[in-house]
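What follows is a short report on a single structure.
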Amino acid sequence: MAATPLHFGDSDRKLYGVFHHAEKRTPSAPAVLLFNPFGEEAVRSFRIFKQLAERLARAGASVLRFDYYGSGDSDGDCAALDFDGMIRDAAMAQDELEALSDARRVIWIGLGLGGAVALRAASETGARLEQLFLWDPVLSGADYLAGLRRAHIAALSEALDVPQSSVERDTPAAAKMTEALGACLPDALRDQLRRFDFVDDKKIARAIHLIGSSDASVSPAQEQTLQRAAARYHRYDKASMTWNSNEAMNAYYVPTDVIDYIADAAGRRS
């Protein structure tokens with residue numbers, strides 16, 4: 001399976017990506033952009049995205065996965081990571097994907113916080129998406145930060161073998177946390193996330209697929225907003241295991257059922 005590592009973007013904002021070449025190129029094959037989640041979740045999703053990219057490439061898609069500026073193998077340290085910057089990075093990644101592929105069908109796949117980035121980028125850049133897959137997407141930045149704080153406290157409690165109540169007393173409020181689960185939370189990123197709620201009524205894709213794990217929740221109001229954002233709306237709630245669980249991480253687990261769903265849907269025109 002041919003894959004090419006590359007750097008792209010502006011001279012002062014170089015991004016790292018891996019381009020997966022379509023195994024059998026056809027005029028109707030799509031170009032697919034993958035959006036990473038944040039921090040430790042990006043580490044957990046690495047193998048999932050690699051397997052997904054390879055599966056899509058075998059089916060004829062051209063696929064680009066990339067790291068945001070200040071994360072992964074892209075330039076910049078973690079203090080430079082911010083939500084608005086991720087939106088700019090998404091636009092540069094889409095430009096790069098278009099330069100690498102002549103595909104006319106554009107599909108985006110966002111996991112976790114990557115779902116929020118994809119939603120904002122689609123709305124702000126006017127990208128003409130055929131399909132948008134949102135896998136356990138962040139739809140409320142404030143709720144996401146609160147969840148990060150809970151996960152951080154639970155992880156420290158287990159690692160230090162102390163009660164969670166003790167760890168919680170020493171952990172700043174979500175609005176003031178500077179790191180979570182080993183990843184830094186710069187002020188700009190934290191403040192921008194606190195203000196993020198997806199309430200856009202624009203049509204941003206011909207079809208939106210909401211993929212939910214068993215422990216993920218989307219409110220009825222949030223789902224109605226997503227339904228209005230596309231001509232067609234699909235929901236998949238049959239994931240065999242939560243991708244972000246410790247069980248999945250320890251077993252090096254890849255949810256093949258979700259990959260199958262995405263690959264099958266991406267192969268059909270919306």
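The values are calculated or read from the model by the stated rules, or taken from the named source; none is laboratory data. Since we're looking at a predicted model, the values are computed, not measured. Here the Cβ positions follow ideal geometry from the backbone for every residue, glycine too, while neighbour counts run over all protein chains shown.
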Checklist outcome for this item: All-but-one check, Ala91 against (1) crowded, with 18+ Cβ neighbours inside 10 Å; (2) in contact with a helix residue (DSSP H, G or I) (Cβ under 7 Å, 6 or more places away or on another chain); (3) small (Gly, Ala, Ser), failing number (1)
Next on the checklist: Ala142 - would you say it is crowded, with 24+ Cβ neighbours inside 10 Å and part of a helix (DSSP H, G or I)?
Outcome noted: no
Checklist entry - When segment 119-138 is examined, which residues are found to be surrounded by fewer than 24 Cβ atoms within 10 Å (Cβ to Cβ) and either charged (D, E, K, R) or closer than 17 Å to Asp237 by Cα (or both)? => result Arg120, Glu124, Arg128, Glu130
Checklist entry - Regarding Asp161, is this residue at pLDDT 90 or above, within 25 Å of the chain's Cα centre (by Cα) and more than 20 Å from Asn244 (Cα to Cα)? => result no
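Restricting to segment 186-219, give me the number of residues that are in a loop (DSSP other than H, G, I, E, B), under 18 Å from the mean Cα position of the chain (by Cα) and among the β-branched types (Val, Ile, Thr). Break it down stepwise before answering.
If we filter segment 186-219 for residues that are in a loop (DSSP other than H, G, I, E, B), which is where we start, we get 186, 195-196, 198-204, 212-219.
From the residues that got through so far, the ones that are under 18 Å from the mean Cα position of the chain (by Cα) too are 196, 198, 204, 212-218.
Filter again for among the β-branched types (Val, Ile, Thr), leaving 204, 218.
Looking only at that region, the number is 2.
Across segment 172-185, what is the number of residues that are in a loop (DSSP other than H, G, I, E, B) and either surrounded by 13 or more Cβ atoms within 10 Å (Cβ to Cβ) or in contact with a Ser or Thr (Cβ under 6 Å, 6 or more places away or on another chain) (or both)?
Step one: of segment 172-185, the residues in a loop (DSSP other than H, G, I, E, B) are 172-173, 177-178, 181-182, 185.
After this cut, where a residue has to be either surrounded by 13 or more Cβ atoms within 10 Å (Cβ to Cβ) or in contact with a Ser or Thr (Cβ under 6 Å, 6 or more places away or on another chain) (or both) as well, the list is 177, 181, 185.
Total meeting the criteria: 3.
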Item to check | Boolean, Ser217 is in contact with a Phe, Trp or Tyr (Cβ under 9 Å, 6 or more places away or on another chain) and at pLDDT below 90 | outcome: no
